[in-house]
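Asks: My questions will all concern the structure given below.
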Amino acid sequence: MQDFNWKQLQNGSDIRGVALAGVEREPINLAPDIASQLGKAFVRWLGAKISKPTSDLVISVGRDSRLSGPILMQAIIEGIAACGCRVYDVGMASTPAMFVSTITPGFNCDGAIMITASHLPFNRNGFKFFTARGGLEKQDISDILRLAEQNNFENAPTQGQVERHDFISVYANQLVQTIREGVNHPEFFEQPLKGLKIVVDAGNGAGGFYASQVLEPLGADTTGSQFLGPDGTFPNHVPNPENKDAMNSICEAVKKHQADFGIIFDTDVDRGAAVDCLGHELNRNRLIALISAIVLEEHPGSAIVTDSITSDGLTQFIEGDLNGIHHRFKRGYKNVINESIRLNQTGQESWLAIETSGHGAMKENHFLDDGAYLVSKLLIELAKSKRAGTSLTDRIAHLKEPKESEEFRITVKAEDFKAYGNDAIEALKVFALTQTDWHILPNTYEGVRVSCQSPEEEGWFLLRLSLHDPVMPLNIESNVEGGVARVKARLLTFFQSLDGLDVSVLG
């Protein structure tokens, strides 16, 4: 492994790589020997971080349903155990559950590792790392990769003990208690979801437990739930709430079975979305609006931190209808979480950080991006609404949604894509200033956001640069029919003057 490029495995605050040969026969760079070395590097990093002898460390390891999961899990456990640590093998788990293993009495693991690549293709895999302080940051991952590259490890005199634990049941029971206490109905305390039909779509990932170990003990009828069994080939649809086929599948299941509610998770359950009783998706802006309504009832005046591509209608709803503060920030779930934490430290209460992708983290839940916890909060309100004879979605009746919304991913052809992309953004600012009915919005933390104020457009667009890829996502929203096309046509005139961009996606 002398010439191995360890840095290629870093994906922000995660590690991601190719673990199996795929359709395009990509070279494998996340093999078992790499996983073992990463396990040792995490031990070294963790011991130094919390000032604890290696022999006293306890680390839990879990995985999602990916085909490469078992062999990578065995390898990383062997690497950790070789350092003399105690290892808890928790088998199939969710990403949020792995963090919870560091703060649950009786476990209190010093560190945790989740083996997952979220919604990426079946041949990919990766690692997410946790301590009791939360998920690791980008710099922490860089440090672990540097230790792995140095490969300066010695096996401990005594092999660490490996123990099997069913932690997902412990985690599920915590969610059960959260819902019981949240509904707090004296007649239905044990089964507050009795009389509700709730359909779950786990996408053959790790989220199937939610139907059998959370909903059913609470009295819910889960008839019609689908794709609950783990299958790393993901034969039914991509396990991603943002995927149109996936969302259409759960919407149709809700309508077919006349359910009161539908729930869909991504592979490792750190993201979730929902569907109402009419089969309408509660995703993106609608999901943010709904959970914001719940949070701002509990914590009036809170700042709701979102990513940069949320709609103007959402801002009007949060600030005008709910009397909260809408704080847009950079894309990336760690970015919005860290910004929410920062606001709290400055004295501005912020109880929710959420992306349009479905990553949602709440202050009351350790700012953990936890799809199962997020939908559990929705179920509490669903149960209360059912008893009161109202509808959960009444809470977002005044949300103004855009007539049209599209995202275009423009490829940057220049070799130094970051420098070229930043120059393109600055050039667009200059161009926007020449348009009398366009207004550059202040306090944009990434890229440039422009309000399009003519009656024929009535919307906005945002151009930003991807953190990791030579891509510039362009989001356009309009409140009038044909508005996106009009904005796009004006922008195309500008983009065609830049040789370093492939704007074929704009037509």
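The values are calculated or read from the model by the stated rules, or taken from the named source; none is laboratory data. Please read these numbers as outputs of a predicted model, since none were measured by experiment. When we count neighbours, we look across all protein chains shown, and the Cβ atoms used for this are built from the backbone with ideal geometry, even at glycine.
Asks: Just wondering, is there one or more residues in region 188-197 that are touching a His at 6+ places or on another chain (Cβ under 9 Å) and either at pLDDT 95 or above or within 26 Å of SER65 (Cβ to Cβ) (or both)?
Replies: Yes, some residue in region 188-197 is touching a His at 6+ places or on another chain (Cβ under 9 Å) and either at pLDDT 95 or above or within 26 Å of SER65 (Cβ to Cβ) (or both).
Asks: Mind listing just one residue for me: the one in region 39-94 that is in a loop (DSSP other than H, G, I, E, B) and among the basic types (Lys, Arg) and, of those, farthest from ASP270 (Cα to Cα)?
Replies: LYS52
Asks: Report yes if ALA259 is buried (at least 24 other Cβ atoms within 10 Å of the Cβ) and under 23 Å from LYS400 (Cα atoms), otherwise no.
Replies: When the stated conditions are applied, ALA259 does not pass them.
Asks: Further question: May I ask you to verify whether ARG63 is of a type in the set (Lys, Arg), touching a Pro at 6+ places or on another chain (Cβ under 8 Å) and not assigned by TED's automatic domain parsing to the domain that holds MET362? Even if it seems obvious, please write down each step before you answer.
Replies: Details: of a type in the set (Lys, Arg): yes; touching a Pro at 6+ places or on another chain (Cβ under 8 Å): yes; not assigned by TED's automatic domain parsing to the domain that holds MET362: yes.
When the stated conditions are applied, ARG63 passes them.
Asks: Taking the condition of being among the polar types (S, T, N, Q) and touching a strand residue (DSSP E or B) at 6+ places or on another chain (Cβ under 8 Å), how many residues in region 314-337 meet it? Even if it seems obvious, please write down each step before you answer.
Replies: First, the residues of region 314-337 that are among the polar types (S, T, N, Q): 315-316, 323, 335.
Add one more test, that the residue is touching a strand residue (DSSP E or B) at 6+ places or on another chain (Cβ under 8 Å), and what stays is 315.
Here the count works out to 1.
Asks: Right, something else. Which residue pairs have Cβ atoms closer than 7 Å, lie 6 or more positions apart in sequence or on different chains, and pair a first residue in region 63-81 that is within 20 Å of ASP231 (Cβ to Cβ) with a second residue that is of a type outside the set (Asp, Glu) and part of a helix (DSSP H, G or I)?
Replies: If the second residue must be of a type outside the set (Asp, Glu) and part of a helix (DSSP H, G or I), the pairs left are ARG63/GLY69; ARG63/MET73; ILE71/PRO32; LEU72/PRO32; LEU72/ALA35.
Asks: Oh, and also: Would you call VAL90 closer than 23 Å to LYS138 by Cβ, at pLDDT 95 or above and either crowded, with 16+ Cβ neighbours inside 10 Å or not hydroxyl-bearing (Ser, Thr, Tyr) (or both)?
Replies: Spelling it out, it is not the case that VAL90 is closer than 23 Å to LYS138 by Cβ, at pLDDT 95 or above and either crowded, with 16+ Cβ neighbours inside 10 Å or not hydroxyl-bearing (Ser, Thr, Tyr) (or both).
Asks: With ASN173, ASN184, ASN125, ASN155 as the choices, which residue is within 24 Å of ILE28 (Cα to Cα) and either loosely packed, with under 15 Cβ neighbours inside 10 Å or assigned by TED's automatic domain parsing to the domain that holds SER65 (or both)?
Replies: ASN125
Asks: A further question follows. Which strands (runs of 3 or more DSSP E) sit wholly inside region 327-427 and have at least 3 residues that are over 30 Å from PHE494 (Cα atoms)?
Replies: 352-354, 360-362
Asks: Considering region 358-400 alone, what residues qualify as being more than 29 Å from LEU136 (Cβ to Cβ), aliphatic (A, V, I, L, M) and touching a helix residue (DSSP H, G or I) at 6+ places or on another chain (Cβ under 8 Å)?
Replies: LEU379, ILE380, LEU382, ALA383, LEU392, ILE396, LEU399
Asks: With respect to the numbered conditions (1) surrounded by 21 or more Cβ atoms within 10 Å (Cβ to Cβ); (2) under 22 Å from GLY279 (Cα atoms), which one is the sole condition not fulfilled by GLU216?
Replies: (1)
Asks: Can I ask one more? Restricting attention to region 24-38, report how many residues are out of contact with any strand residue (DSSP E or B) (no Cβ under 6 Å at 6 or more places or on another chain), surrounded by fewer than 17 Cβ atoms within 10 Å (Cβ to Cβ) and outside any helix (DSSP H, G or I).
Replies: Number of matching residues: 3.
Asks: Among the residues of region 428-463, which ones are touching a residue at least 12 places away in the same chain (Cβ under 8 Å), more than 28 Å from the chain's Cα centre (by Cα) and outside any strand (DSSP E or B)?
Replies: Result: LEU428, LYS429, PHE431, ALA432, GLN435, ASP437, GLN453, SER454, PRO455, GLU456, GLU457, GLU458.
Asks: Name, by its number, the condition in (1) within 30 Å of PHE227 (Cα to Cα); (2) surrounded by fewer than 20 Cβ atoms within 10 Å (Cβ to Cβ) that does not hold for GLN348.
Replies: Here GLN348 meets the rest and fails (1).
Asks: A further question follows. Quick check on my filter: what residues within region 192-209 are under 17 Å from GLU381 (Cβ atoms) and either buried (at least 18 other Cβ atoms within 10 Å of the Cβ) or not assigned by TED's automatic domain parsing to the domain that holds ALA246 (or both)?
Replies: Those that are under 17 Å from GLU381 (Cβ atoms) and either buried (at least 18 other Cβ atoms within 10 Å of the Cβ) or not assigned by TED's automatic domain parsing to the domain that holds ALA246 (or both): PRO192, LEU193, LEU196, LYS197, ILE198.
Asks: Still on this structure, please answer the following. Checking the structure you have, find out if any residue of region 118-127 is of a type in the set (D, E, K, R) and either under 15 Å from ASP14 (Cα atoms) or in a strand (DSSP E or B) (or both).
Replies: There is at least one residue in region 118-127 that is of a type in the set (D, E, K, R) and either under 15 Å from ASP14 (Cα atoms) or in a strand (DSSP E or B) (or both).
Asks: Next question, about the same structure. What residue, among those in region 128-152 that are among the acidic types (Asp, Glu) and within 23 Å of the chain's Cα centre (by Cα), is surrounded by the most Cβ atoms within 10 Å (Cβ to Cβ)?
Replies: Among those residues, the one meeting the criterion is ASP140.
Asks: If we scan region 269-285, do we find a residue that is surrounded by fewer than 24 Cβ atoms within 10 Å (Cβ to Cβ), within 16 Å of the chain's Cα centre (by Cα), within 18 Å of ILE250 (Cα to Cα) and among the basic types (Lys, Arg)?
Replies: yes
Asks: Going through ILE440, ILE396, ILE425, ILE410 one at a time, which residue ends up being β-branched (Val, Ile, Thr), in contact with a Lys or Arg (Cβ under 8 Å, 6 or more places away or on another chain) and crowded, with 21+ Cβ neighbours inside 10 Å?
Replies: Details: ILE440 fails: crowded, with 21+ Cβ neighbours inside 10 Å; ILE425 fails: crowded, with 21+ Cβ neighbours inside 10 Å; ILE410 fails: in contact with a Lys or Arg (Cβ under 8 Å, 6 or more places away or on another chain).
Selected residue: ILE396, the only one of ILE440, ILE396, ILE425, ILE410 that is β-branched (Val, Ile, Thr), in contact with a Lys or Arg (Cβ under 8 Å, 6 or more places away or on another chain) and crowded, with 21+ Cβ neighbours inside 10 Å.
Asks: Give me the residue from region 95-117 that is surrounded by 24 or more Cβ atoms within 10 Å (Cβ to Cβ) and either of a type in the set (Ser, Thr, Tyr) or outside the structural domain of GLN74 (by TED's automatic domain parsing) (or both) and, out of that set, farthest from ARG164 (Cα to Cα). Talk me through it step by step, then tell me what you get.
Replies: Taking region 95-117 as the starting set, the residues that turn out to be surrounded by 24 or more Cβ atoms within 10 Å (Cβ to Cβ) are 95-101, 109, 111-117.
Checking the rest, the ones that are also either of a type in the set (Ser, Thr, Tyr) or outside the structural domain of GLN74 (by TED's automatic domain parsing) (or both) come to 95, 101, 116.
Details: THR95: 18, SER101: 13, THR116: 19 Å.
Result: THR116.
Asks: Take the conditions within 27 Å of GLU415 (Cα to Cα), outside any loop (DSSP other than H, G, I, E, B), among the β-branched types (Val, Ile, Thr) and touching a strand residue (DSSP E or B) at 6+ places or on another chain (Cβ under 6 Å) and apply them to VAL487. Does it pass?
Replies: It is false that VAL487 is within 27 Å of GLU415 (Cα to Cα), outside any loop (DSSP other than H, G, I, E, B), among the β-branched types (Val, Ile, Thr) and touching a strand residue (DSSP E or B) at 6+ places or on another chain (Cβ under 6 Å).
Asks: Scan region 443-470 for residues that are of a type in the set (A, V, I, L, M, F, W, C) and surrounded by 17 or more Cβ atoms within 10 Å (Cβ to Cβ) and jot them down.
Replies: VAL448, VAL450, CYS452, TRP460, PHE461, LEU462, LEU463, LEU465
Asks: So, LYS40, is that one under 19 Å from ALA148 (Cβ atoms), among the basic types (Lys, Arg) and touching a residue at least 24 places away in the same chain (Cβ under 8 Å) or not? Before the answer, list the steps.
Replies: Numbers: under 19 Å from ALA148 (Cβ atoms): yes; among the basic types (Lys, Arg): yes; touching a residue at least 24 places away in the same chain (Cβ under 8 Å): yes.
Taking the combined requirement at face value, the residue satisfies it.
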